[in-house]
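S.K.: Below you will find the structure I want to go over with you.
The values are calculated or read from the model by the stated rules, or taken from the named source; none is laboratory data. Since the structure is predicted, the reported quantities are computational estimates derived from the model, not experimental observations. Counting neighbours? That spans all protein chains shown, and the Cβs are built from the backbone with ideal geometry, glycine included. Surface accessibility is based on the protein's heavy atoms, side chains included, excluding ligands, DNA and RNA. Shrake-Rupley method; radii C 1.70, N 1.55, O 1.52, S 1.80 Å.
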Amino acid sequence: MSSDMDCNEAVEALHEFLRQECTPELAQQIKQHLEDCRPCLGHAQFEKSYLAMLESMAGTQGCPDSVRSQILDALRKAAEPPPSGD
């Protein structure tokens with residue numbers, strides 16, 4: 001990517017940036033773009049709030065025991081070796 005990041009490039013890399021999962025160089029390019037582009041800054045602020053809300057809800061919501069049991073049973077069955085054809 002060039003140092004002159006456009007809005008499409010910034011939005012495409014925004015989640016990676018917000019989760020701090022991008023390279024320092026890319027983070028700097030996105031940060032610079034957000035400083036220069038008010039519409040993208042507004043979008044980034046919304047996305048940051050949205051991700052924070054999802055993370056807080058995920059911490060309070062649990063998987064019901066019956067669903068967890070069904071998932072674990074399915075995983076166990078999938079991990080079993082196939083029956084031999086003897």
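S.K.: With no solvent and one point on each alpha carbon, what is the Debye value of log10 I(q)/I(0) for the range 17-56 at q = 0.14, 0.16, 0.22 Å⁻¹?
M.R.: Normalising to I(0) and taking log10 leaves -0.32, -0.42, -0.73.
S.K.: OK, next. ³J(HN,Hα) across the range 6-11 via Karplus (A = 6.51, B = -1.76, C = 1.60, θ = phi - 60°), whole Hz, x for Gly/Pro?
M.R.: 8, 4, 4, 5, 5, 5
S.K.: Under 4.7 Å Cβ to Cβ, no partner at all: give me those cysteines from the chain, in residue order.
M.R.: Cys7, Cys22, Cys63
S.K.: Sticking with this one: Any idea how far apart Glu25 and Ala52 come out in nm if each label point goes 7 Å out from Cα toward Cβ?
M.R.: 3.1
S.K.: Among Thr23, Thr60, what's the order by accessible area (1.4 angstrom probe), most exposed first? Display every interim value, and only then the final one.
M.R.: Working: Thr23 75, Thr60 105 Å².
Descending accessible area places them as Thr60, Thr23.
S.K.: At a Förster radius of 30 Å, what calculated FRET efficiency corresponds to the Cβ-Cβ distance of Thr60 and Asp4, to the nearest 0.05?
M.R.: It comes to 0.10.
S.K.: Not counting ligands, DNA or RNA, and with a 1.4 Å probe, what is Ser84's accessible surface area in Å² rounded to the nearest 10?
M.R.: In the full protein context, Ser84 sits at about 90 Å².
S.K.: Enter the accessible area of Glu21 (Å², nearest 10), with the probe set to 1.4 Å and all protein chains included.
M.R.: 110
S.K.: Here are some values of Cα extents along the principal axes in Å: (1) 41, 26, 25; (2) 67, 36, 19; (3) 36, 35, 17. Which one was computed from this structure?
M.R.: (2)
S.K.: Helix-derived [θ] at 222 nm for the chain: sum -39500 (n - 2.57) over DSSP H runs of at least 4, divide by residue count, nearest 500?
M.R.: -22500 deg cm²/dmol
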